[in-house]
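Colleague: This is the structure I have questions about; it appears just below.
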């Protein structure tokens, strides 16, 4: 029962943390494109951003899934190998932890894993946002984008574009032969063609 109560407490806090990490990832990505994404986002975009990032690329999904699986088994690994100096150094374990009763020792290792998980997720999301923003901004500067979408406006005009990102309210794109990022409200778009 105590384990289920801990999960009930940690699950909402974990999702709140994921939302914050997702906001940081999106902000870092769009900052490199010269956009303050928080001005163009609504609450739904913020709530769904970590899930959207998780399923954006298969490599990101496999990396985060592998990280969660590793963290699931980490308390037992620490419990068995906590006496080794390199493990104590990597996970910053207390040196006098062996004096703790077994129940408290398992709780101590669980807290170490939660801290490790929080830092690891922040690193993955921040690294992904930084790398994605850097690569995209360099492609824009060097005119190396693939213009594989056609945006058709309600006014009848159309443009060949490279679609960078979308959210529930806006399209973020670059027009062919230009190097500036444009933002169009979804309501102004009649339809989007994929070439």
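Bear in mind these aren't lab numbers, they're just calculated from the coordinates by the rules spelled out. The shown structure was predicted, so the numbers you read here are calculated from the model rather than taken from an experiment. Every residue, glycine among them, receives a Cβ derived from its backbone with ideal geometry; neighbour counts consider all protein chains shown.
Colleague: For every helix of n ≥ 4 consecutive DSSP H residues, a contribution of -39,500 (n - 2.57) applies; sum these over the chain, divide by its total residues, and give [θ] at 222 nm rounded to the nearest 500 deg cm²/dmol.
Modeller: -20000 deg cm²/dmol
Colleague: So what's the gap between the Cα centers of the stretch 89-151 and the stretch 2-64, to the nearest angstrom?
Modeller: About 12 Å separates the Cα centre of the stretch 89-151 from the one of the stretch 2-64.
Colleague: Using the 10 angstrom Cβ neighbour count as an exposure proxy, how do 57, 149 rank, fewest first?
Modeller: Sorted ascending by nearby Cβ count, the order is 57, 149.
Colleague: Give the calculated FRET efficiency between residue 192 and residue 54 to the nearest 0.05, with a Förster radius of 22 Å applied to their Cβ-Cβ distance.
Modeller: Rounded to the nearest 0.05, the efficiency is 0.40.
Colleague: Would you mind checking the stretch 111-154 for residues with the amide N under 15 Å from a putative spin-label position 7 Å along Cα→C-beta of residue 180?
Modeller: Hits in the stretch 111-154 for residue 180 at 15 Å: 141.
Colleague: Calculate how steeply helix 58-81 sits against the longest principal axis of the alpha-carbon atoms of the chain, using the helix alpha-carbon long axis, and give the answer as 0 to 90 degrees to the nearest 10.
Modeller: It works out to around 10 degrees.
Colleague: Measuring from label point to label point, each 7 Å out along Cα→Cβ, what is the residue 168 to residue 103 span in nm?
Modeller: 4.5
Colleague: Something else about it: Name the residues of the stretch 118-135 whose amide N is less than 18 Å from a point 7 angstrom out from the Cα of residue 6 along the C-beta direction?
Modeller: In the stretch 118-135, the label zone of residue 6 (backbone N under 18 Å from the point 7 Å along Cα→Cβ) covers 118-119.
Colleague: Test of understanding: ordering 63, 155 by Cβ neighbours within 10 Å, fewest first, what list do you get?
Modeller: By the 10 Å Cβ count, ascending: 155, 63.
Colleague: What is the spin-label model distance, in nm, from residue 153 to residue 92 if the labels are put 7 Å beyond Cα along the C-beta direction?
Modeller: About 5.2 nm, to one decimal.
Colleague: Same structure, new question: Roughly what angle does helix 102-141 make with the longest principal axis of the chain, taking Cα atoms, 0 to 90 degrees, to the nearest 10?
Modeller: Taking Cα atoms only, the helix is inclined about 20 degrees.
Colleague: To check my understanding: the extent here is largest minus smallest coordinate of the Cα atoms along each principal axis. What are those three numbers for the stretch 1-86, in Å, largest first?
Modeller: Answer, in whole Å and largest first: 49, 32, 24 Å.
Colleague: For an R0 of 25 angstrom, estimate the FRET efficiency from the Cβ-Cβ distance between residue 111 and residue 19 and round to the nearest 0.05.
Modeller: Efficiency, rounded to the nearest 0.05: 0.70.
Colleague: In degrees between 0 and 90, to the nearest 10, how far off the longest principal axis of the chain does helix 43-54 point, with axes built from Cα atoms?
Modeller: That works out to roughly 70 degrees.
Colleague: Same structure again: Order the peptides 118-130, 36-48 from the highest to the lowest mean number of other Cβ atoms within 10 Å of their residues.
Modeller: Order by mean packing, descending: 118-130, 36-48.
Colleague: Any chance you could list P(r) for the stretch 149-194, counting all Cα-Cα pairs in 5 angstrom bins from zero, rounded to whole %?
Modeller: All Cα pairs considered, the percentages come to 6, 24, 36, 26, 8, 0.
Colleague: Same structure, new question: (i) 10; (ii) 18; (iii) 36: which one is percent of Cα pairs over 31 Å apart as calculated from this entry?
Modeller: (iii)
Colleague: Can you say what percent of the DSSP beta bridges in the chain, counting only those with both residues inside, are antiparallel? Round to 5.
Modeller: 100
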